[in-house]
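The values are calculated or read from the model by the stated rules, or taken from the named source; none is laboratory data. Since the model is a prediction, treat every value here as computed from it, not as a measurement. No Cβ is skipped: glycine too gets one built from the backbone with ideal geometry, and neighbour counts run over all protein chains shown. The accessibility values were calculated without ligands, DNA or RNA, using every heavy atom of the protein model including side chains. Shrake-Rupley method; radii C 1.70, N 1.55, O 1.52, S 1.80 Å.
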Amino acid sequence: MTKAKPGNFFEDFRIGQIIRHATPRTVTTGDVALYTALYGGRWAVQSSDAFALSIGYPRAPVDDFLVFHIVFGKTVPDISLNAVANLGYAGWRFLAPVYPGDTLTATSEVIGLKENSSRKTGVVYVRSSGLKQDGTRVLEYVRWVMVRKRDEAAPAPGDHVPRLPQMLEPRLLGDACPPLEIASYDFDLAGSAHRFDDYEVGEKIDHVDGMTVEEAEHQLATRLYQNTARVHFNQFTEGKGRFGRRLVYGGHVISIARALSFNGLANAFHVAAINGGRHVAPLFAGDTVFAWSEVTDKAELPNRSDLGALRLRTIATRDQPCGDFPLKAGDEDDPAVILDLDYWVLLPR
Amino acid sequence: MTKAKPGNFFEDFRIGQIIRHATPRTVTTGDVALYTALYGGRWAVQSSDAFALSIGYPRAPVDDFLVFHIVFGKTVPDISLNAVANLGYAGWRFLAPVYPGDTLTATSEVIGLKENSSRKTGVVYVRSSGLKQDGTRVLEYVRWVMVRKRDEAAPAPGDHVPRLPQMLEPRLLGDACPPLEIASYDFDLAGSAHRFDDYEVGEKIDHVDGMTVEEAEHQLATRLYQNTARVHFNQFTEGKGRFGRRLVYGGHVISIARALSFNGLANAFHVAAINGGRHVAPLFAGDTVFAWSEVTDKAELPNRSDLGALRLRTIATRDQPCGDFPLKAGDEDDPAVILDLDYWVLLPR
Amino acid sequence: MTKAKPGNFFEDFRIGQIIRHATPRTVTTGDVALYTALYGGRWAVQSSDAFALSIGYPRAPVDDFLVFHIVFGKTVPDISLNAVANLGYAGWRFLAPVYPGDTLTATSEVIGLKENSSRKTGVVYVRSSGLKQDGTRVLEYVRWVMVRKRDEAAPAPGDHVPRLPQMLEPRLLGDACPPLEIASYDFDLAGSAHRFDDYEVGEKIDHVDGMTVEEAEHQLATRLYQNTARVHFNQFTEGKGRFGRRLVYGGHVISIARALSFNGLANAFHVAAINGGRHVAPLFAGDTVFAWSEVTDKAELPNRSDLGALRLRTIATRDQPCGDFPLKAGDEDDPAVILDLDYWVLLPR
């Protein structure tokens, strides 16, 4: 039998199964530089050791989504190599800061399995964790994916749909952020005077700028994350497929939207949690991504006077500026919308 | 009012105004690796810690133009987001070496304002400085840009054109270079035996090689510098614009020309100053850049026997090899010329 | 005379000549991050400091082929700038591990010269070495290239064809790998349970995945290696040449094939030696690379119970999946084959 791995099929999973994913990864300033080159993020805390030190970090922490992409990439060979679709996320929470030099690993627990009525596929629910070399959990999230069966006749390996949180409670949001000396936070250097109190629920922000994606860029990004999903890299095969093209990794879209959102959210330097998200439509090289955000909620954090939390809904589009906040076309999604992300950010009070 | 920043318009500036630009940036060996991948520079001093140590540096310094691009990028959101054209540079001088781990910030002082006769635009003159975390100035330069007015009817915010130096004096050139032990400088490793004394005023050098630019490359570069000028990234908008294409950042052209110039100037490891420069024509992805240089002057540095200065004029072209030193076509610029840069380099005596 | 270097021609070489190549290079975690982004390698030893430490390395070593490409790149301006063809490799051996912070230099000795009957070209054989800052040799190999003569009438500078090894003996394979504590090697994290004993001579492995190459990617890679061979970068000139396109650096193909081979060879973390190799056909941007391998031999290493050696033949193709192990079409090479590499890897026993 060949030693090349075919990935797991629906009937290979079991409720309660723990998977230790391969390829531990030391995150370095090299990764940070590449992440900057790929997205152009400008949050002062992640960009500057001196700025981070001045407010209480030991040095600049690694961008939250870079941490996420690296952890997520490790889960792909075991969880989603035979996926038909990535259906959703819940309870996505950052638990500890990551610094250059830290080594990340990932584990997943299968928490739900539900065969589809066609018996050709089933939905797999996993709770995945990212861990540091010393065992500290830095990230956890639930995702569910539709996975093919190897053999349609195989019995379903389980039948349980877990209850998942619609939203992360504010008390769960501050763990990846040390207590900060906001008196030392330099709002000029950060790029905006707007603090927690300046944002209102219902406020909408057009992030104005657009970013065109090239094949080389999303391929470099997705390999940097050691994500092996085949649809992103192989034009020979994808050229014969449904879209005729390579698909851009959904996480690449999230990072672009996040980087664009600096323009209007310059002090929202930390993504504390993702409540849920939907890749509404695929993105392809040559498309230009735009984004807008709405503040959907605000919350104080228990026992913290340094930071407050904004709940944001960020919408990304392709080839559609966001000055009029595109979202729906009648009862349907606006055809330009590609991402709908519901998450919490922290910013100085 | 939206929190996304529209950038400053001509009438927003005042003579004497000091602007502290956003986004402090720690420069790392990750940035250095990317810079090598983008341009392929081969100067031994910047490429090798061991070589740099052997001649008196504490480690390899960061390439001068990488420092410039990072500082320049910070000024864009405040100075040139609404620019029609980048008109010129003067008095561009490197003042202290930068090493991986240093954090850079930027400030600008408005030193001149001149409304154009159309009253639709005006010229803004700024003196910008790059600073390290300890306050050391590492770079200063003057640039002037033509900036749109928000409101044509608004009064001109000032009327003063500053006097600018045509050339930096040789006594101003050595500050960013520690005293060197040239006896330990290994000319084999550096790639050429040619020292200061081997170059003559009037000498022309064809740098021979050509480099084709890809969209992904200039976008990665420009984001690495956290430069947010929209014309470089947004095909959706630029596709409808004057050129129908994204413009390559002018600094990308400078770095390509500098890297090509290694072939003929292998010991000219440090750019000490730029007297002036002109982006003669735009560059687009798919074009191939060539370059040639003329030695226009030579100078000894006061109190330094280690290094001498060459004043160079480097011309970059697109899709035109430089064996016959293209420059003029009658009274006009040769249509292949895209860059005309006047600067000082230092090399061993 | 111009100071731009034209490179050496056949009549410039002498048997016994020693060439110290230019541009020493400090390898950093920035280079490692870029190498990951370019190829997506997943070997745990090179990816994780913590994993490498656990088995006896001081930290994660730099990928063997990254070391090779950097050393090889230095030889190009002196050896192969005027090459018509890169004819072969032999005796390619890694001698010491390289870690971030090490500085690499390269030297070559001319060990053979043979003029071709046309008198327009000749074959140059060089033994090249990569060295660390402390003089440790990290790599040596022989390559031979067909180089143009400047002047057809010039006498041949020598006439000697060296004897070259067909294969490196197993006793020569372990030098670049410290003694390892295999009891601490975590096969889950490494991504496979297959050890030395699990592979059989004659076993073929389809590595399944395909990777499409973009112009920006191979240009970034080749510049990262400071390799100046003109055919990779200059569309203006190559567009008028034999292929009408830029050629992808052959080493880029090797690194892609190596990265693809993780799927089936996840524990073969160290390339100890290359017996020989052939770039069967050129690769161009837009092509998709696939690969398969055959285990052609197995060997124990003298005095080492930690690791064993597999001799592999890895075949890379373009636009041709490798499920049926393409190699020959009658007596000819299969037209899809682009690389045929014969090498030794080490993996845990």
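Observations on the structure shown:
- Whether a residue is open to solvent by 10 Å² or more (accessible area, probe 1.4 Å), modelled with pLDDT of 95 or more, more than 7 Å from every other protein chain (Cβ to nearest Cβ) and under 19 Å from C:Trp344 (Cβ atoms) was assessed, and C:Ala259 passes this test.
- Residue count for the stretch A:58-99 under the criterion of being at pLDDT 95 or above and small (Gly, Ala, Ser): the result is 5.
- Checking each residue in the stretch A:170-190 for being open to solvent by less than 40 Å² (accessible area, probe 1.4 Å), over 24 Å from the mean Cα position of the chain (by Cα) and within 8 Å of chain B (Cβ to nearest Cβ) picks out only A:Leu189.
- Taking the stretch A:272-292 as the range and being away from chain B (no Cβ under 14 Å) and surrounded by fewer than 24 Cβ atoms within 10 Å (Cβ to Cβ) as the test, the residues that pass are A:Ile274, A:Asn275, A:Gly276, A:Gly277, A:Arg278, A:His279, A:Val280, A:Ala281, A:Pro282.
- Residues of the stretch C:204-246 classified as touching a residue at least 40 places away in the same chain (Cβ under 8 Å), more than 28 Å from A:Leu247 (Cβ to Cβ) and open to solvent by less than 30 Å² (accessible area, probe 1.4 Å), total: 5
- Filter pass, A:Ala37 being buried (at least 24 other Cβ atoms within 10 Å of the Cβ), closer than 28 Å to A:Val110 by Cβ and not hydroxyl-bearing (Ser, Thr, Tyr): no
- Leading residue by the ranking (surrounded by the most Cβ atoms within 10 Å (Cβ to Cβ)) among those in the stretch A:293-349 that are away from chain B (no Cβ under 14 Å) and of a type in the set (Ser, Thr, Tyr): A:Tyr343
- Residue, farthest from B:Arg20 (Cα to Cα), within the stretch B:142-157, restricted to residues that are crowded, with 20+ Cβ neighbours inside 10 Å and not aromatic (Phe, Trp, Tyr): B:Lys149
- Test result for A:Val161, touching a residue at least 24 places away in the same chain (Cβ under 8 Å) and open to solvent by less than 30 Å² (accessible area, probe 1.4 Å): no
- Hits in the stretch A:308-349 - residues which are closer than 20 Å to A:Gln166 by Cβ and part of a loop (DSSP other than H, G, I, E, B): A:Leu327
- The requirement of being crowded, with 16+ Cβ neighbours inside 10 Å and of a type in the set (Val, Ile, Thr) is fulfilled nowhere in the stretch C:193-203; no residue meets it.
- Odd one out for B:Ala90 among (1) free of Cβ contacts under 8 Å to residues at least 24 places away in the same chain; (2) aliphatic (A, V, I, L, M); (3) open to solvent by less than 20 Å² (accessible area, probe 1.4 Å): (1)
- Some residue of the stretch C:149-163 being assigned to a strand (DSSP E or B) and over 30 Å from A:Asn8 (Cα atoms): yes
- C:Ile18 being farther than 22 Å from B:Asp31 by Cβ, surrounded by fewer than 23 Cβ atoms within 10 Å (Cβ to Cβ) and among the β-branched types (Val, Ile, Thr): yes
- Highlighted here are the helices (runs of 4 or more DSSP H) found entirely within the stretch A:1-117 that include at least 2 residues which are within 17 Å of the chain's Cα centre (by Cα) and either within 27 Å of A:Gln219 (Cα to Cα) or within 14 Å of chain C (Cβ to nearest Cβ) (or both): A:29-39, A:64-79.
- When the stretch B:191-212 is limited to residues that are facing another protein chain (nearest Cβ under 9 Å) and among the aliphatic types (A, V, I, L, M), the one that is nearest to B:Tyr343 (Cα to Cα) turns out to be B:Ile205.
- In the stretch C:125-141 there is no residue matching the filter, namely being open to solvent by 10 Å² or more (accessible area, probe 1.4 Å), away from chain B (no Cβ under 14 Å), farther than 20 Å from C:Ala176 by Cα and hydrophobic (A, V, I, L, M, F, W, C).
- Looking across the stretch A:278-292, the residues that are of a type in the set (A, V, I, L, M) and in a strand (DSSP E or B) come down to A:Val289, A:Ala291.
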